[in-house]
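Notes follow once the structure below has been shown.
The values are calculated or read from the model by the stated rules, or taken from the named source; none is laboratory data. Remember, it's a predicted structure, so these values are computed and weren't measured experimentally. Please note: Cβ atoms are built from the backbone with ideal geometry, for glycine as well, and neighbour counts cover all protein chains shown. For accessibility, only protein heavy atoms count, side chains too; no ligands or nucleic acids. Shrake-Rupley method; radii C 1.70, N 1.55, O 1.52, S 1.80 Å.
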Amino acid sequence: MNKLNSKERREFLKKSLATGVAVGGSFLWGTPEILFAKAASSGTPDLVAVKNGEPDAMFNQAIFMMGGMKKFVKKGQTVLVKPNISFARKPEIGATTNPLLVKSIVAHCFGAGAKKVYVFDNVASSSYGMAQKCYKESGIGEAAKSAGALVAPGDNEKYYQKVTIPGAKALVSTEVHELVLEADVFINVPILKNHHYTYQSIAMKNLMGVVWDRMKYHSLDLEQSIADFCLFKKPDLNIVDAYRVMQRFGPRGSTPENVALKKTLLVSNDIVAVDAAASKVYGMEPEKVRYIQLGHDLNIGNMNLNELNIRRHVIGG
Amino acid sequence: MNLKKLRITISTTVFILFVLAFQGDEKISTTLSNTLLYFQFTPSLLQFIHSRGHLLGLGFLLLLLASFIFGRFYCSFLCPLGILQDIFIRIFRGSRKRHAFQRSYRLVPYCLLVLTVVTAILGSFVLVNLLDPYSLFGRIAAHPFKSLVLWINNMMVNVFEQFDIYALMVRKQHYIPFSILTVSIGSFGIVLAFSIISGRAYCNTICPVGALLGIVSRFSLFRFVIDKKKCRSCRSCEGVCKAGCIDIDRLEIDPSRCVACFNCIDACQKTALNYQTQLAILSWGRWVPSKRSFLVSTAAVSGTFLAALFPIRLSPLEAMQRRQIPIIPPGSNSTAHFMQHCTACHLCVSVCTTNVMVPAYLEYGVCGIMRPKLNYLQGHCDFDCNACGQVCPTGAIAPLLLQEKKLTQIGTVSLNKAKCIVYVKKKHCGACGEACPTHAIFPVEKGLVLFPEIDLDYCIGCGACEHACPTKPKAITVTSKIVHSKAQKYVPSASTVQPAEKSNKGFPF
């Protein structure tokens, strides 16, 4: 507990110092608009949707429309990229995030001046030895490493720290991977896919892979716990891979025949909005996916897409 | 060529390979299992008996033939337990403490051999599992040795992680029941004590393989012979003979106890000792049938037979309830097949990628002491893995092709709806459904809640659901199948998935 307190204090000092420098710096520079950019409707969009391109090309376009990676990653920062690597399946099955997208994101982080980029996932199968297999089979381990990321393990309890979640209705406390607590920037990179028991797995559901005991979610109240976790930590950026969208037999998937080629990418810093939009890309009304509604009710984000500033782009269209 | 040096080179290599085989790397273990374990006596013998014509059985025939020619070279060149003892002897006795001629207690190893064979024929593998030198070594390598290696590995991971190096991964120790650890460390201790006190006495008094090869070696073509004209009785050879089989007073070497280590030839300065062809001189005649030894022999032999019948009666598998019968790995076919083959070497335990394979102690009854089973509290049987069958040297777990394995039913699942979260709380869970690799568990929507249901035709009993189930005790459990069967292959109904949407360029929001 003591350790955590000192860590929080340090974090607070660091953050307030950084904010102070940023504010002061921008005034000196004479462009204070950047601080209030969100207020302007023509400024940063709430959500960017790109279509009809390869995963990396779509990401290049989307992050440009979001205002560039430099807006999210500052020089010398540590970044955590959290893809969905939950099953030992090939990318064609659509059960895991597209490796090319992960690679592209890592490259952009370094391009923005990141000091270190970590990639990890606590895979769905809790049996020992599966994590390695998932990293390998999904192609993400290799792809992330080739872009210079540190592929960290998530399959040991020693990496996790207990945290409490104020305001949670079900998941009052859980153990979170230390990288989530330590990284300056947290980028959530889920894949949009079918899920037998929650209807869909997107961005909020993907955060189940940063805690140690995911079965606690299942035994408490799966959807409420998924929403509750976002009270503890909201990713700085959510990048939803909807290139190949598994339509049936999720989350594990069956064969490539059950995958629809949607070639879509969604980027937002509002985790509820991005889930609502992705849900529509899948072909389901977001109201049916209970955790999206719960997230909206907890004020984690806005699921009413018509209230948001959405920018759309169709490559070659 | 110095035969002693050759022996040391070969045996050291073999030993290192054996230790490596038990470190749990699937590729290394499979390769070594197909080469090195080909020439392990008991596994190969079991293959030879149960599946005549099987290539692995050939290894046994070759070994037997080679022993008729070269004597007990197996004990010095190929037996991992023998080599382990040689290492102990080298470390703890060095060259200071000299060996001496030992009296032969022939009755003990032969009675043990007969007892082992008879109990095995009657269906109890208790002595085979306990005494087979390869399996005995396997348990030492798979538990204490591997634990040590993993501990070193995990310490290194801790150090490397400080420097952001993730080349090594934390490796988790497989579950070892205390009883199994006691037996492995205990047998390790016994072998250690034997080798320090009296060289290869274990191999010549307890080991049934040693006893059998000893009988064969009495008739071997090549043997160690002392040239009576050249020998000055300096006792150099006796001092280095680990088996204690050189009788300098009679200038004779007991071929049934000699393990062909070539130490004596190296030690003899007068070249009075030779490894040469010599026809066997049958010395049965020396046995003088005194009243006392006749009584002892009769008592021993009849005791052997009576004792052989005894272990069968102790908790046989047939008397067990179905729920208690352990789940055996895919490829082991049926409990009966598994009971006739496995020697409890635990190579499968060390190689299992998910650590689901654990050694049981008496769960198969005394007959099947220390055999492995699947424990779904420890893990689940990975759908895309068939490692255990690939490494098993006895044929207890037959090697299955991955597509065969994926349809092999080793158990049957059952869902207790009185405990299941979804049925009790009417809240989504899906832990079992998302783990199920075969579509045996599927969702049924009733009033906006998705309930899990089971289709047994597709269930292979891999335990992914049981391992994942968050309730305590588990709501979904797997019971073993006495005889494995074939599951149906899941064929999804016609796909409703839209193909690539090239025409639709807009967004649904």
Helices (runs of 4 or more DSSP H) contained in the stretch A:88-180 and holding at least 3 residues in the same structural domain as A:Tyr243 (by TED's automatic domain parsing), of a type outside the set (A, V, I, L, M, F, W, C) and buried (at least 18 other Cβ atoms within 10 Å of the Cβ): A:99-111, A:130-137
Qualifying residue in the stretch B:165-176 (condition: within 14 Å of chain A (Cβ to nearest Cβ), more than 33 Å from the chain's Cα centre (by Cα) and free of Cβ contacts under 8 Å to residues at least 60 places away in the same chain): yes
Some residue of the stretch A:70-83 being out of contact with any strand residue (DSSP E or B) (no Cβ under 9 Å at 6 or more places or on another chain), touching a residue at least 12 places away in the same chain (Cβ under 8 Å) and not basic (Lys, Arg): yes
Qualifying positions in the stretch B:375-390 - buried (at least 20 other Cβ atoms within 10 Å of the Cβ) and either touching a helix residue (DSSP H, G or I) at 6+ places or on another chain (Cβ under 7 Å) or at the interface with chain A (Cβ under 8 Å from one of its Cβ atoms) (or both): B:Tyr376, B:Gly379, B:His380, B:Asp382, B:Asn386, B:Ala387, B:Cys388, B:Gln390
Check on A:Ala260, within 13 Å of the chain's Cα centre (by Cα), assigned by TED's automatic domain parsing to the domain that holds A:Lys169 and open to solvent by less than 10 Å² (accessible area, probe 1.4 Å): no
Among (1) modelled with pLDDT under 90; (2) open to solvent by 80 Å² or more (accessible area, probe 1.4 Å) - the single one B:Tyr38 does not satisfy: (2)
Check on B:Ser187, surrounded by fewer than 14 Cβ atoms within 10 Å (Cβ to Cβ) and of a type in the set (S, T, N, Q): no
Count - residues of the stretch B:346-374 that are more than 14 Å from chain A (Cβ to nearest Cβ) and either surrounded by fewer than 24 Cβ atoms within 10 Å (Cβ to Cβ) or closer than 16 Å to B:Ala120 by Cα (or both): 13
Filtered residues of the stretch A:264-292 (kept if open to solvent by 50 Å² or more (accessible area, probe 1.4 Å) and within 12 Å of chain B (Cβ to nearest Cβ)): A:Lys280, A:Gly283, A:Glu285, A:Glu287, A:Lys288, A:Arg290
Selection from the stretch A:218-254 of residues that are hydroxyl-bearing (Ser, Thr, Tyr) and within 8 Å of chain B (Cβ to nearest Cβ): A:Ser219, A:Ser254
Any hit, the stretch B:452-471, residues being modelled with pLDDT of 90 or more, among the β-branched types (Val, Ile, Thr) and open to solvent by 30 Å² or more (accessible area, probe 1.4 Å): yes
The stretch B:420-449 residues that are more than 9 Å from chain A (Cβ to nearest Cβ) and closer than 20 Å to A:Gln200 by Cβ, paired with ones that are part of a helix (DSSP H, G or I) and not aromatic (Phe, Trp, Tyr) (beta carbon under 6 Å, 6 or more apart): B:Cys432/B:Cys465; B:Cys432/B:Ala468
Number of the exception - A:Pro83 against (1) buried (at least 22 other Cβ atoms within 10 Å of the Cβ); (2) more than 14 Å from the chain's Cα centre (by Cα); (3) of a type outside the set (Val, Ile, Thr): (2)
Filtered residues of the stretch B:161-177 (kept if open to solvent by 70 Å² or more (accessible area, probe 1.4 Å) and either farther than 30 Å from B:Arg371 by Cβ or acidic (Asp, Glu) (or both)): B:Gln162, B:Phe163, B:Ile165, B:Ala167
The stretch B:472-495, residues that are open to solvent by 20 Å² or more (accessible area, probe 1.4 Å), touching a strand residue (DSSP E or B) at 6+ places or on another chain (Cβ under 9 Å) and either within 11 Å of another protein chain (Cβ to nearest Cβ) or small (Gly, Ala, Ser) (or both): B:Ser485
Residue that is in a loop (DSSP other than H, G, I, E, B), open to solvent by less than 30 Å² (accessible area, probe 1.4 Å) and of a type in the set (S, T, N, Q), where the choices are B:Ser67, B:Ser104, B:Ser95, B:Ser124: B:Ser124
